1. So which residues in segment 1-44 are out of contact with any Cys (no Cβ under 8 Å at 6 or more places or on another chain), of a type in the set (D, E, K, R) and touching a residue at least 12 places away in the same chain (Cβ under 8 Å)?
2. Step by step: first the residues of segment 49-71, then only those that are of a type in the set (S, T, N, Q) and surrounded by 10 or more Cβ atoms within 10 Å (Cβ to Cβ), then the one that is nearest to TRP21 (Cα to Cα). Which residue is that?
3. Only residues that are acidic (Asp, Glu) and either within 18 Å of ALA14 (Cα to Cα) or at pLDDT below 85 (or both): list them for segment 44-60, please.
4. Provide a single number: the residues in segment 61-109 that are modelled with pLDDT of 85 or more, under 23 Å from LYS30 (Cα atoms) and in a helix (DSSP H, G or I).
5. Restricting to segment 13-43, and then to whatever is in a loop (DSSP other than H, G, I, E, B), surrounded by 10 or more Cβ atoms within 10 Å (Cβ to Cβ) and hydrophobic (A, V, I, L, M, F, W, C), can you tell me which residue is modelled with the highest pLDDT?
6. Can you tell me which residues in segment 16-58 are within 17 Å of SER6 (Cα to Cα) and acidic (Asp, Glu)?
Amino acid sequence: MPEFDSPLKNIKIASPCSADWNEMYGNERKRFCGDCKLNVYNLSGMTSYDAENLLRNSEGRMCVRFFRRADGTILTADCPVGWAKVKQRLTASATAVFSLVIALFSGVFFASLSGKHAELGKLIPMPLSTPRPEPLMGAIAMPSPTPKVTPKPVATMGNIVVPKELKRPDVNRQEM
């Protein structure tokens, strides 16, 4: 006689429901269906432990939603080869693509800041760092004093003109 070890291995749906999961009110684990007036539990959104406990503790009529693999096993949130792996691969791929796009745009941005426009096929060497000025050390050389040049006196020759007011009357001479 076969041994009953997991309720997930023996799920059979008596009458499939055509209600839309996205139109139901609730969260990713449980939503309320207005057609059958029952809570619908998403087994594929739960871990295997949570899904098995829900099935063991349920009493009476219960509505579930799940995804089944080709081999008949049910996909759960902790399934290593199920949706979790697909989401992980998709996330890693999206991260890689996003990183490449950011790297491309930042490269174009920094190239536009340099002010030099490269031609296709030509490499422009970029300095690895900004050159620093070299320090100079030594004794200070004072400039030699320059002698002050005094202008030479210029000799002026010619007749002197004395203004009339400054002329003194001659005492010996008589006016006529």
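The values are calculated or read from the model by the stated rules, or taken from the named source; none is laboratory data. Quick caveat: nothing in here was measured; it's all calculated off a predicted structure. Here the Cβ is made from the backbone with ideal geometry for all residues, glycine too, and neighbour counts use every protein chain on show.
1. LYS9, GLU28, ARG29, LYS30
2. Checked segment 49-71; the qualifying residue nearest to TRP21 (Cα to Cα) is SER58.
3. We begin by selecting, within segment 44-60, every residue acidic (Asp, Glu); these are 50, 52, 59.
Passing the criteria: only GLU59.
4. Count: 0.
5. Taking the candidates together, the pick is MET24.
6. Result: ASP50, GLU52.
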